[in-house]
Amino acid sequence: MHPVMENFWFQPALRIGGIGLAGLAVMFWDVTAGMLVIALGLLGLVVVQLIYLQRLQRWLDDPEAAVIPDGWGAWNSVFSTLYRARRREEANRKGLTSALDRFRRAAGALPDGVLLLDAGFHIEWCNAAAESHFGIELERDRGLLFTHIARHPVLAD
């Protein structure tokens, strides 16, 4: 078995086993009290899990609002993994934003018109030369179908 899985199951099994042993010890004096100890112990574990699920849900609803919650047991591993994934995603987003900015600056400096169209031929971006060539304004015409704006039949085709 993978070491992470062994570690994952060890702590919960130890906690459940501890609750069971405590219940059995109490059962030597009173069976009902022993069963109550087991039931309350297991209920406590369920409540703890629900609290951590609520913390996770709150963070997933708005991951930018707060730092990722601290965890206990397996939750510590879950939260740590999510935190690392979030950091990687932030770094990737910054890298992509930087590359896109560099591309736009380079394309904006070209004397030729440059248009970026999506798969449906809607305008996503253009440089100043394209605005001049085609009589468009990026802020006004973004998202419009380019073939409706292009006044040249050959270009529209």
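The values are calculated or read from the model by the stated rules, or taken from the named source; none is laboratory data. Just so we're clear, the structure is a prediction, and the values are computed from it rather than from any experiment. In this analysis, Cβ positions are derived from the backbone assuming ideal geometry, glycine residues included, and neighbour counts consider all displayed protein chains. Just so you know, the surface numbers come from the protein's heavy atoms only, side chains and all, with ligands and any DNA or RNA stripped out. Shrake-Rupley method; radii C 1.70, N 1.55, O 1.52, S 1.80 Å.
Listing for the model above:
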{"item": "Whether segment 87-157 is rounded, prolate or oblate, judged on the alpha carbon gyration tensor where a/c under 1.5 counts as rounded", "result": "prolate"}
{"item": "Segment 9-106: chymotrypsin sites (Phe, Trp or Tyr not before Pro) in DSSP coil with no more than 16 other Cβ atoms inside 10 Å", "result": "Phe28, Trp29, Trp72"}
{"item": "For segment 110-117, 3J(HN,Hα) per residue [Karplus equation, 6.51 cos²θ - 1.76 cosθ + 1.60, θ = phi - 60°, Hz, x = Gly/Pro]", "result": "5, x, 8, x, 10, 10, 10, 10"}
{"item": "Amide hydrogen neighbours beyond the local backbone of Leu116, cut-off 5 Å, H modeled", "result": "Glu124, Trp125, Cys126"}
{"item": "Between segment 30-94 and segment 97-119, the Cα center-to-center distance that results, in Å", "result": "44"}
{"item": "Listed residues Arg102, Arg55, Arg142, most fluctuating in the chain (Gaussian network, C-alpha, under 10 Å)", "result": "Arg142"}
{"item": "1.4 Å probe accessible area per residue over segment 3-74, in Å²", "result": "73"}
{"item": "Listed residues Leu96, Leu138, Leu56, most fluctuating in the chain (Gaussian network, C-alpha, under 10 Å)", "result": "Leu138"}
{"item": "For q = 0.09, 0.11, 0.15, 0.17 Å⁻¹, Debye-computed log10 I/I(0) when each Cα of segment 1-130 counts as one equal scatterer", "result": "-0.55, -0.67, -0.89, -0.99"}
{"item": "³J(HN,Hα) computed for each position of segment 89-97 - Karplus, 6.51 cos²θ - 1.76 cosθ + 1.60, integer Hz, glycine/proline x", "result": "5, 5, 5, 5, 4, 4, x, 5, 5"}
{"item": "Of all accessible heavy-atom area on the chain, the percent that carbon and sulfur account for (1.4 Å)", "result": "65"}
